[in-house]
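For reference, the structure discussed in these notes is given below.
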Amino acid sequence: MTDAVSLTLKIDPALKETLKNLAQENQISLSQEVSHRLQLSLTTQQHPAVDNQSVLEDVDPQLNASELKQVRALLKKTKKKK
């Protein structure tokens, strides 16, 4: 870190111990561990929120020639019955 600034914050003692242990495992200072984890949390891609207000419909693929022929045949049958 080239231009580091001081930040004072209050955290749970158990969280501090966890961070201290992680810093020790990674062979870095507590400050570096916290800074690294904060940076990761800001750069990690967030999943977009689920949009339950969507008005877009799923579009089925177009009918193939055989299916289209069957639909036309059915339409002709219903017209003749009337």
Legend entry - Anchor residue 79: lysines whose Cα lies under 21 Å away (excluding residues fewer than 8 positions away in-chain): 69
Inset, instruction - Would you mind putting 67-73, 9-15, 31-37 in packing order, based on average other-beta-carbon counts within 10 Å, highest first? - result: 31-37, 67-73, 9-15
Legend entry - Inter-probe distance in nm under a simple model that places probes 7 Å from Cα toward Cβ, at residue 4 and residue 43: 1.8 nm
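Nearest 0.05, what FRET efficiency do residue 80 and residue 58 give at R0 = 41 Å with Cβ-Cβ as r? Before the final figure, lay out the partial values.
Numbers: r = 34 Å, r/R0 = 0.82.
For residue 80 and residue 58, the calculated efficiency is 0.75.
Could you sort 63, 42 by their accessible area in this structure, using a 1.4 Å probe and putting the largest first?
The residues order as 42, 63, largest area first.
The values are calculated or read from the model by the stated rules, or taken from the named source; none is laboratory data. The model shown is predicted, which means the values in this text are computed figures rather than measured ones. No Cβ is skipped: glycine too gets one built from the backbone with ideal geometry, and neighbour counts run over all protein chains shown. Note: accessible area is taken over every heavy atom of the protein model, side chains too, but ligands, DNA and RNA are not part of it. Shrake-Rupley method; radii C 1.70, N 1.55, O 1.52, S 1.80 Å.
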